[in-house]
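Peer 1: Handing you this structure, nothing more for now.
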Amino acid sequence: MGHNSLVINVDIGETRVALIENGILAELFVERTRDRSPVGNIYLGKVTRVLPGMQAAFVDIGLDRAAFLHVEDIVAEEDFEASSPGESDEDDEEDDKKKSKRITRKTPIRDVLKEGQSIIVQVSKGPISTKGARVTSHISLPGRYVVYMPTVEHIGISKRIGNEKERKRLRETIEAFKPPQGGLIVRTVAAGLTKKQLKADVGYLVKTWNETMKKRETTSRAPALLYDDLDVILRAARDLFTEDVAKLVIDSPMEHERLVKFVEDFMPERAGDVEHYSGSEPIYDEYGIEDEIARALSRKVPLPSGGYLIIDQAEALTAIDVNTGRFTGKGKDVEETIFQTNVEAVNEIAYQLRFRNIGGLIVLDFIDMERASHREKVYKTLLDVLKHDKAKTTAVRISELGLVEMTRKRTRESLGRTLNEPCFYCDGTGHLQSKATVCHEILRQIRREKDNLPGYKIVVNAHPAICDMLQREEKAAVEIASKRFTRQIVVQPKRDYHIEQFDLAGA
C-alpha cells in the first residue's frame with residue numbers, strides 16, 4: 001500500500017478531487033454541476049452536416065456546439081447488433097492482436113453518413129476552448145478491472161502488467177467468460193484478481209450496455225442521452241483508488257455514504273480506507289491544497305535552486321521558458337550551472353504538464369547548452385519523467401537553439417482554463433494601450449472629426465487617468481492642437497470608461 005491519498009472536496013455546485021503523491025499535489029480534477037464534462041457519455045446524435053473534404057461530420061448531441069465525428073470513428077448502426085471492430089480509450093491497452101475491419105480514412109464519408117441520420121456516439125474528448133466535443137461510434141465502457149467494447153472482437157491485457165505468467169493467466173480467465181458480442185481489455189489494477197472478481201465486473205458492464213441499447217430502442221428522437229457516465233467522485237474511486245493510494249478522504253457525509261456503497265460493491269476490501277473528514281477547517285485548507293493550487297497555477301514557477309519557469313499558454317501552443325534566475329552554481333563553471341538548471345527544470349515541467357493538464361503542442365525553451373552530452377542527458381531525463389504521465393506524450397530531440405517540441409494528448413480543458421478566464425479588461429491579450437498612446441489617438445481623432453463637431457469647444461470624454469495625462473504631461477500637445485484647430489479642447493473624466501475608451505462631443 002502506498003503513501004498516496006485522494007482528497008475530495010464537495011462544495012455547492014462544485015466538486016474537486018486532488019491526488020496527493022508523496023505529499024505533493026499531483027493532479028486536480030474539477031467538476032461543476034452547471035458544466036459537467038460529457039466525456040464517456042453515450043448519445044443518440046443527429047448528423048447535421050457532412051464534410052466530404054474533411055472526411056468528417058458534425059453531430060448534434062444536445063450540447064451547445066455540435067460534436068465532431070471523423071470517418072475512422074464511425075460504426076454503422078446495424079453493426080451494433082453484430083460485433084464490429086472498434087477501439088478503447090484505455091491508454092495502456094495493447095494493440096497487437098486487434099482484428100480491425102473498421103471503416104478507413106479512405107472510405108468516402110457520404111457512403112456511410114447522411115445529413116439528418118441518427119447515430120449512436122460516445123464522447124471521447126470534451127469541448128475545449130472554441131471547439132466542440134469529439135465523438136466516436138466505437139463505444140468503450142470502463143469498469144474497475146476491465147474495459148468492455150461492444151463493437152470490437154478483441155481480448156487485450158494492459159501493457160503495464162509485465163509478468164508474462166500473469167498476463168497469460170488473465171487472458172485465459174477473461175476468454176472463459178467473454179460475452180458473445182464485443183471485446184475486453186484487462187486493466188492494470190486487475191493483476192492478481194480472481195475469476196469471480198473479473199466476471200462480476202464484466203457482467204456489470206454488459207448489463208450497462210444492454211440497458212443502453214434498450215433505451216435506444218425506446219428513443220425515437222435525436223439528440224438524446226442514452227448513458228450518463230459516472231460523476232467525478234465515483235470516477236475517482238474507480239480509476240484512481242488503486243493499491244498505490246492508501247486512503248480516500250471526503251468532506252461530505254452524504255457523498256461519503258454513496259462512495260462507501262460504491263466501493264463495497266466493486267472493491268469491498270477497500271471500504272475501510274474511505275474516510276469522512278469532519279474537521280472545522282475546510283478540507284483543502286487542512287491539507288494545504290489551496291496554497292499548492294495557487295502556487296502551481298502562477299505564470300512564474302520557482303525552481304528549488306533559485307531558477308524559474310515561465311509558462312505561457314496560447315491558443316495554438318504552450319511555451320515554457322527555463323531561466324537560471326538567482327542560481328549561479330556552486331563554484332562550478334557556467335556550463336555546469338546551466339546543465340543543473342535544465343535538469344531541475346525537466347522534473348518541474350513534467351509535473352506542471354500533468355497537474356495543469358496542458359495538452360496539444362508544447363515548446364520547451366531550455367537554456368542553451370554548448371555540450372552535446374549535456375543536451376542528450378537533459379533529453380533522456382525528459383523522456384524518463386514523461387513515462388510516468390498517463391497521457392500520451394511525444395518529444396523530439398533538443399535543437400541547437402535549446403528547444404524541444406513535444407505533444408501531449410489533450411482530452412479535456414486544461415486546469416488553468418477551467419479555473420481562469422480571459423481578462424475582461426485587456427480582452428485576454430495581457431496588454432493595454434499606454435496612456436500616452438491613447439492621448440495621441442485622441443488628438444488624431446479630434447483632427448478627423450473637428451469639422452463635424454458643432455460649437456466652439458471640443459469635449460473629450462475619457463478615463464480619469466487619460467484626462468489627467470492630457471492636463472499634465474500632454475498639456476503642451478493639447479495647447480498646440482487647440483491653436484491649430486482654433487477650438488477650445490475640454491477634458492471630461494468618466495469613471496466608468498475603459499482606459500482605452502473615449503469619445504468626442506461639440507459644445
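Peer 1: Length gain on complete extension for the stretch Arg417 to Leu453, per 0.36 nm per residue less the alpha carbon to alpha carbon distance?
Peer 2: Working it through step by step, the gained length comes to 8.4 nm.
Peer 1: Using the Cα gyration tensor of the chain, with a ≥ b ≥ c the square roots of its eigenvalues, what is the shape: rounded (a/c below 1.5), prolate (a/b larger than b/c) or oblate (neither)? List each step's numbers first, then the result.
Peer 2: Working: a/c = 2.09, a/b = 1.60, b/c = 1.31.
Taking the square roots of the gyration eigenvalues as a ≥ b ≥ c, the chain is prolate.
Peer 1: Applying 1/(1 + (r/R0)^6) with R0 = 51 Å to the Cβ-Cβ distance of Arg110 and Ile24, what FRET efficiency is obtained, to the nearest 0.05?
Peer 2: 0.50
Peer 1: Once each part is reduced to its C-alpha centroid, what is the distance from the range 4-80 to the range 197-223 in angstrom?
Peer 2: Each part reduced to its Cα centre gives a spacing of 19 Å.
Peer 1: Let me ask another. Among 223-230, 117-124, 161-168, what's the highest-first ranking by average C-beta atoms within 10 angstrom per residue? Before the final figure, lay out the partial values.
Peer 2: Details: 223-230: 16.8, 117-124: 21.6, 161-168: 12.0.
The densest-packed peptide leads the list: 117-124, 223-230, 161-168.
Peer 1: Going by average Cβ density within 10 Å per residue, which order do the peptides 146-154, 18-26 take, highest to lowest?
Peer 2: Values: 146-154: 24.2, 18-26: 16.3.
Packing proxy ranking, top to bottom: 146-154, 18-26.
Peer 1: For the chain, what is the percent of antiparallel DSSP beta bridges, rounded to the nearest 5?
Peer 2: If I count the DSSP bridges inside the chain, around 75 percent turn out antiparallel.
Peer 1: How high is the FRET efficiency between Met254 and Lys392 when r is their beta carbon distance and R₀ equals 41 Å, given to the nearest 0.05?
Peer 2: 0.65
Peer 1: Rounded to the nearest 0.05, what FRET efficiency is calculated for Glu336 and Thr130 with R0 set to 51 Å and r the Cβ-Cβ distance?
Peer 2: With a Förster radius of 51 Å, E is 0.65.
Peer 1: Additional query: PRE reach from His276 (point 7 Å along Cα→Cβ): which of the range 220-257 fall under 13 Å by backbone N?
Peer 2: Only 250-257 fall inside the zone, counting backbone N under 13 Å.
Peer 1: Okay, moving on. Using alpha carbon centroids, what distance separates the range 396-451 and the range 454-507, in Å?
Peer 2: Centre-to-centre (Cα) distance: 28 Å.
Peer 1: Would you calculate the separation in nanometres between label points at Lys475 and Thr208, each defined as 7 Å from the Cα along the Cα-to-beta-carbon direction?
Peer 2: A separation of 7.4 nm, rounded to one decimal place.
Peer 1: OK, next. So how far apart, in nm, are the two label points at Ala246 and Ala372 if each is 7 Å from Cα heading toward Cβ?
Peer 2: Going by the 7 Å Cα→Cβ label model, 4.8 nm.
Peer 1: Continuing with the same structure: Which one of Val71, Val152, Ala56 has its Cα pushed farthest toward the positive end of the charge dipole of the range 42-230, where Lys and Arg give +1 and Asp and Glu give -1 at the Cβ?
Peer 2: Going by the charge dipole, the pick is Val152.
Peer 1: List every residue whose amide H lies under 5 Å from the amide H of Ala246, counting only residues 5 or more places away in sequence or on a different chain, with H placed 1.01 Å from N in the peptide plane.
Peer 2: Gly2, Asn4, Ser5
Peer 1: What does the extension gain come out to for Cys426 and Ser399, with contour length at 0.36 nm per residue minus their alpha carbon separation?
Peer 2: Full extension from Cys426 to Ser399 adds 6.2 nm.
Peer 1: Take the alpha carbon gyration tensor of the range 308-437, find the square roots of its eigenvalues, order them as a ≥ b ≥ c, and report rounded if a/c is under 1.5; if not, report prolate when a/b exceeds b/c, else oblate.
Peer 2: oblate
Peer 1: Once both labels are modelled 7 Å past Cα along the beta-carbon direction, what's the Arg495-Arg299 spacing in nm?
Peer 2: 2.9
Peer 1: Continuing with this model, one more query. Residues with amide H under 5 Å of Asn357's amide H, sequence separation 5 or more or different chain, H placed in the peptide plane at 1.01 Å from N; which?
Peer 2: Residues meeting the criterion, in which the H sits 1.01 Å from N, are Leu415.
Any read-out appearing in this document is the output of simple, stated calculations on the displayed coordinates, not a laboratory observation. This one's a predicted model, so the numbers in the text were calculated from it and none came from an experiment. Reconstructed Cβ throughout: ideal geometry from the backbone, glycine too, with neighbour counts over all protein chains shown.
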